[in-house]
Amino acid sequence: MTRIAVIGGTGNLGKAIARRLVKGGHDVNIGSRDAARATACAQEIGAAGGGENAAVAAGQEVVIVAVPHASQAATLAEIRDRVGSAVVVDTTVPLVPPKVMRVQLPAEGSAAMQARAALNPDTRLVTAFHNVAAHRLDHADDVIECDVLCFSDDVEGRNLVVGLCGDMGLRGLSGGALANSAAAEALTSILIYMNKTYGADGAGIRFTGLVSAPPIP
């Protein structure tokens, strides 16, 4: 059992991730700007509890941040001095409405690099969950035909998140260094385009031919 906070846990992606982590047997707390909403969400999915983001982020082993790109900087600033030695997992994709089907990475190169700059230098940062449709993930018993790429310069932290993916019924794969996160972030816009063009309900990606990779759930 891992102590995990999901910041932005009342949103679509955050709630879906939290639901699967609860099912996987982890001690999950929901964070939100609205403590009452966080508590209600926690009760709904069977999480340990809920509260405001900064309070929930403290004392955890893993802190997962699942907020829109427009809220990323403010949210990370809110929790940066509370996360301590926890592995911080940022899920942010830099979509720019209304043209969300067009790749528009920020000047820093990726949302991952923006997160790196926003957090304390010693924070253990991993990025993941960029390419999984939240509405598919929210059905905790459904098989998700999509690999989850995990990126970090902290190999131990990256492998921890790969393992958490397995507990969620997903196949997590190491995608290498944090800088490589740009590829997965860009791919999200392409997947949105695929959904519209080919009538998909949450298109995903799966890597083949990986001899020593974790098994597909």
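A compact table of results
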item: Any hit, region 63-85, residues being under 17 Å from the mean Cα position of the chain (by Cα), surrounded by fewer than 17 Cβ atoms within 10 Å (Cβ to Cβ) and charged (D, E, K, R); result: yes
item: Residue tally, condition charged (D, E, K, R) and either assigned to a loop (DSSP other than H, G, I, E, B) or in contact (Cβ under 8 Å) with a residue 60 or more places away in the chain (or both), over region 1-58; result: 6
item: Residues (open to solvent by less than 40 Å² (accessible area, probe 1.4 Å) and under 13 Å from Ala66 (Cα atoms)) located in region 30-43; result: Ile30, Gly31, Ser32
item: Region 105-137, subset small (Gly, Ala, Ser) and farther than 22 Å from Ser85 by Cβ, residue surrounded by the fewest Cβ atoms within 10 Å (Cβ to Cβ); result: Ala107
item: Total residues in region 170-196, condition open to solvent by less than 20 Å² (accessible area, probe 1.4 Å), in a helix (DSSP H, G or I) and within 20 Å of Asp142 (Cα to Cα); result: 1
item: Failed criterion for Pro94 (all others in (1) farther than 22 Å from Arg171 by Cα; (2) under 17 Å from the mean Cα position of the chain (by Cα); (3) not in a loop (DSSP other than H, G, I, E, B) hold); result: (3)
item: Counted residues, region 103-131 - those being over 15 Å from Thr91 (Cβ atoms), touching a strand residue (DSSP E or B) at 6+ places or on another chain (Cβ under 9 Å) and not in a loop (DSSP other than H, G, I, E, B); result: 1
item: Some residue of region 197-217 being in a helix (DSSP H, G or I) and under 17 Å from the mean Cα position of the chain (by Cα); result: no
item: Count of region 1-46 residues which are of a type in the set (Gly, Ala, Ser) and touching a Leu at 6+ places or on another chain (Cβ under 8 Å); result: 2
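The values are calculated or read from the model by the stated rules, or taken from the named source; none is laboratory data. Because the structure is a prediction, the values reported are computed rather than measured. Counting neighbours? That spans all protein chains shown, and the Cβs are built from the backbone with ideal geometry, glycine included. When the accessible area is computed, the model is the full protein with side chains, heavy atoms only, and any ligands, DNA or RNA have been set aside. Shrake-Rupley method; radii C 1.70, N 1.55, O 1.52, S 1.80 Å.
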